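Student: Structure incoming, see below.
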Amino acid sequence: MPKIVDHDRYRKELLRGCLDLFAERGYGSITMRQIAKGLGVSTGTLYHYFPSKESIFMQLVQELCEQDISNFFAQAPEAPTLEGRLQAIVDFVFKNTQYYSQQLVLWVDFFQQTHTDSDHDINFLRQVWERARATLADYLQISDPALVDLVMIFLDGLILQCIYGRVYDHVAPDTAWFHQQSQLMIQMIIHYEQNFPQLQT
């Protein structure tokens, strides 16, 4: 009796293995042949599931976004206040700093390699970002898009600073510094919400 293969599950398993491969070699440097070798599959098998390296990366980004949202809500505490919800997000990001640092570097690498070639690729990344943004807005219960953008930009900035620290100092993120900066952001958002409602759209 022939073995029944769950193709979608197998595709996702291949994608999970690709994250580390992209991170190790960089999007621009790695080839489909190297990806197949790193995954321990034939090049033909890889092409059966993914027509190109770009396809692998875009599916990986989409998968990671859905996975991140699922993982956050699986452990997010009940938080009746905006401050509590902001703190839950900051805590989640801090706990996964290395993972998000890896993602940020990959997104920048992908953009550098493809932004002059195809608007389709960049539009796809924008759509994924907008999906994350809408989910964040719903969770925070913030209706002002500019305020949600500010939170996302701030989190990206925190991750970038952690990358600098890891690259140049070879240390993990400074817990006290991360906490200090995140508390400043939280208090700024709360102050804005409470004192400038007329500016919100």
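Every number here is computed from the coordinates shown, using simple stated rules; none is lab data. Predicted, not measured: the structure shown is a model, and the values here were computed from it. Ideal geometry is used to build each Cβ from the backbone, glycine not excepted, and the neighbour counts take in all protein chains shown.
Student: Taking the Cβ of each residue in Met152, Met185 as the centre, tally the other Cβ atoms inside 10 Å and list the residues starting with the fewest. Don't skip to the end; give the middle numbers.
Tutor: Details: Met152 15, Met185 18.
Going from sparsest to densest Cβ surroundings: Met152, Met185.
Student: Still on this structure, I have one more. In whole percent, what relative contact order does the chain give with Cα contacts below 8 Å and a gap of six or more residues?
Tutor: Details: 111 pairs, mean separation 44.1, N = 201.
For the chain, the relative contact order is 22 percent.
Student: Pick from Gly17, Gly40, Gly28: which is most flexible by mean-square fluctuation in a GNM of the chain where alpha carbon atoms under 10 Å apart are linked?
Tutor: Its mean-square fluctuation being the largest, the pick is Gly40.
Student: Once you keep just the Cα pairs under 8 angstrom separated by 6 or more residues, what percentage relative contact order results for region 1-71?
Tutor: Working: 27 pairs, mean separation 23.7, N = 71.
That works out to 33 percent.
Student: How large is Rg/Rh for region 55-199, to two decimals, with Cα atoms and a Kirkwood Rh?
Tutor: 0.97
Student: Sticking with this one: What does the convex hull of the Cα atoms of region 35-128 come to per residue, in Å³, rounded to a whole number? Numbers along the way, then the final one.
Tutor: Numbers: hull volume 12.4 nm³, N = 94.
So the per-residue Cα hull volume is 132 Å³.
Student: Label region 62-112 by shape, choosing from rounded, prolate and oblate, from the square roots a ≥ b ≥ c of the eigenvalues of the Cα gyration tensor; if a/c is under 1.5 it is rounded, and otherwise prolate applies when a/b is larger than b/c, oblate when it is not.
Tutor: On the way: a/c = 2.76, a/b = 2.06, b/c = 1.34.
Note, shape of region 62-112 comes out prolate.
Student: Shifting gears a bit: By count of other Cβ within 10 Å, fewest leading, how are His48, His191 ordered?
Tutor: Values: His48 13, His191 10.
Taking fewest neighbouring Cβ atoms as first place, the list is His191, His48.
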